[in-house]
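The values are calculated or read from the model by the stated rules, or taken from the named source; none is laboratory data. Predicted model, so just to flag it, every value in this text is computed and none were measured. So basically every Cβ, Gly included, is an ideal-geometry build from the backbone, and we count neighbours across all protein chains shown.
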């Protein structure tokens with residue numbers, strides 16, 4: 001690790017914990033948005049709906 005990583009890693013690990021896995025309701029709301037008129041400009045994207053776990 002470099003110096004910056006060593007200084008910030010503990011804070012990031014403490015303050016950036018992913019939430020729990022999304023509920024079926026939360027997942028369905030994501031899907032509903034993507035199928036709505038508001039989501040028409042989102043295409044070809046992979047959207048992780050995993051409470052932030054894939055970002056680690």
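Laid out as a table, the results:
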{"read-out": "Any hit, the stretch 28-37, residues being modelled with pLDDT of 85 or more, touching a helix residue (DSSP H, G or I) at 6+ places or on another chain (Cβ under 8 Å) and surrounded by 11 or more Cβ atoms within 10 Å (Cβ to Cβ)", "value": "yes"}
{"read-out": "Residue match in the stretch 11-19 (condition: at pLDDT 70 or above, surrounded by fewer than 10 Cβ atoms within 10 Å (Cβ to Cβ) and part of a helix (DSSP H, G or I))", "value": "no"}
